[in-house]
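*Asks:* Supplied in structure tokens, the structure appears directly below.
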């Protein structure tokens with residue numbers, strides 16, 4: 001096993017992590033992956049044999065000793081690991097406590113750069129005019145406790161990294177992707193609306209979805225880890241020419257049955273949030289609060305997100321949105337038609 005590595009990737013077995021690792025290997029980087037004991041190897045064996053540049057370390061971010069060993073000789077840290085499911089305490093511990101342990105190891109090992117994968121959800125948009133395009137200058141949400149647990153944890157994580165690494169001499173780059181999709185991940189984006197009992201309460205048809213194809217996102221992550229000018233900055237990652245809600249659903253219907261959809265106005269989400277709070281009080285907490293007016297205002301008012309800062313640094317989207325959607329949602333084999341008869345779904349501009 002190599003004793004040094006160009007980069008350490010946490011969360012390497014995840015959807016984005018696998019793509020990042022394979023892209024790094026294709027560029028000739030020496031990659032070390034920190035994986036839990038139960039995680040699958042994220043790399044194709046043929047690629048490992050061809051490159052000889054990948055090292056798998058088994059460990060957990062909740063173990064300071066295991067993290068410290070994984071940090072030896074690393075120049076760049078790509079921190080993708082985060083808990084997205086489970087109890088609130090599990091999500092918070094996996095995202096925030098694990099990040100605290102990683103930061104301690106980073107400050108001791110002193111790599112050149114840390115690339116933190118965050119989310120567009122960290123912005124405080126409850127009172128923001130949806131006509132304004134959201135850039136990286138928007139502040140983080142001051143009331144994360146009013147959001148879902150995952151978003152709350154990501155906001156804490158960002159603030160923690162900024163607090164500990166500012167003035168440390170270690171470069172920090174924060175990457176905030178939109179909804180990441182691809183052939184192996186076809187979940188409906190959360191900004192489409194609220195899914196409940198097999199019904200999608202859809203928040204508008206003409207609102208542009210801030211999404212990014214997995215290969216585009218991975219390319220942007222690596223770009224931020226290697227570009228000198230990206231140091232100590234934050235970048236939104238959203239593809240150009242993203243579809244509207246109704247356009248995305250049309251693509252989705254190529255490969256899967258969509259749930260029954262009901263167009264829900266903003267007042268409807270507010271009413272549901274009120275009923276959810278009453279149910280929570282009536283049941284003494286047995287009915288969980290899954291929707292608040294604050295969350296609704298942040299997620300479903302149609303805010304648009306800018307990718308101009310990243311593009312201004314020289315990043316170019318490698319896979320067009322039209323091609324990415326076609327790769328993710330191909331026609332079933334039995335219903336393929338000649339190329340000259342393919343139905344094209346028009347895409348609107350992201351700005």
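The values are calculated or read from the model by the stated rules, or taken from the named source; none is laboratory data. Just so it is clear, the model here is predicted, and its values are computed rather than measured. A quick note on method: Cβ atoms are made from the backbone with ideal geometry, for glycine too, and the neighbour counts reach across all protein chains shown.
*Asks:* Could you tell me how many of the residues in segment 173-202 are without any contact (Cβ under 8 Å) to a residue 60 or more places away in the chain, part of a loop (DSSP other than H, G, I, E, B) and within 17 Å of the chain's Cα centre (by Cα)?
*Replies:* 2
*Asks:* Can you tell me which residues in segment 279-301 are surrounded by fewer than 16 Cβ atoms within 10 Å (Cβ to Cβ) and assigned to a loop (DSSP other than H, G, I, E, B)?
*Replies:* Passing the criteria: 283, 284, 285, 286, 287, 288, 289, 290.
*Asks:* Something else: Can you name every residue in segment 129-141 that is in contact with a strand residue (DSSP E or B) (Cβ under 7 Å, 6 or more places away or on another chain) and farther than 13 Å from residue 175 by Cα?
*Replies:* Across segment 129-141, the qualifying residues are 133, 134, 138, 140, 141.
*Asks:* I've got another one for you. Would you call residue 278 without any contact (Cβ under 8 Å) to a residue 12 or more places away in the chain and farther than 21 Å from residue 136 by Cα?
*Replies:* Yes; evaluated as a whole, the condition is true for this residue.
*Asks:* Something else now. Can you name every residue in segment 144-172 that is surrounded by 13 or more Cβ atoms within 10 Å (Cβ to Cβ), touching a residue at least 24 places away in the same chain (Cβ under 8 Å) and over 12 Å from residue 92 (Cα atoms)?
*Replies:* 146, 147, 158, 160, 161, 164, 165, 168, 170, 171, 172
*Asks:* Every residue in segment 133-156 that is outside any helix (DSSP H, G or I) and closer than 13 Å to residue 294 by Cα, please.
*Replies:* 141, 142, 143, 147, 148
*Asks:* Looking only at segment 269-287, count every residue that is out of contact with any helix residue (DSSP H, G or I) (no Cβ under 6 Å at 6 or more places or on another chain) and under 17 Å from residue 190 (Cβ atoms) and tell me the total.
*Replies:* Final tally of qualifying residues: 2.
*Asks:* When you go through 164, 159 one by one, which is the residue that is out of contact with any helix residue (DSSP H, G or I) (no Cβ under 7 Å at 6 or more places or on another chain), within 20 Å of residue 82 (Cα to Cα), at pLDDT below 95 and part of a helix (DSSP H, G or I)?
*Replies:* Just a single option satisfies the conditions, and that option is 159.
*Asks:* A further question follows. Mind telling me which of the residues 116, 125 ends up being part of a loop (DSSP other than H, G, I, E, B) and in contact (Cβ under 8 Å) with a residue 40 or more places away in the chain?
*Replies:* 125
*Asks:* Would you pick out the residues in segment 314-351 that are in a loop (DSSP other than H, G, I, E, B), under 21 Å from the mean Cα position of the chain (by Cα) and at pLDDT 95 or above?
*Replies:* 315, 316, 317, 318, 319, 320 - these are the residues of segment 314-351 that are in a loop (DSSP other than H, G, I, E, B), under 21 Å from the mean Cα position of the chain (by Cα) and at pLDDT 95 or above.
*Asks:* If I ask for residues that are surrounded by 18 or more Cβ atoms within 10 Å (Cβ to Cβ) and in contact with a helix residue (DSSP H, G or I) (Cβ under 9 Å, 6 or more places away or on another chain), which ones from segment 233-246 would you list?
*Replies:* Residues satisfying the conditions are 234, 235, 236, 237, 238, 239, 242, 243, 245.
*Asks:* Kindly provide the set of residues from segment 247-270 that are surrounded by 13 or more Cβ atoms within 10 Å (Cβ to Cβ) and out of contact with any strand residue (DSSP E or B) (no Cβ under 8 Å at 6 or more places or on another chain), ordered by number.
*Replies:* Of everything in segment 247-270, those that are surrounded by 13 or more Cβ atoms within 10 Å (Cβ to Cβ) and out of contact with any strand residue (DSSP E or B) (no Cβ under 8 Å at 6 or more places or on another chain) turn out to be 247, 250, 251, 252, 254, 255, 266, 270.
*Asks:* Among the listed residues 299, 230, identify the single one that is within 19 Å of residue 196 (Cα to Cα), within 20 Å of the chain's Cα centre (by Cα) and at pLDDT 85 or above.
*Replies:* 299
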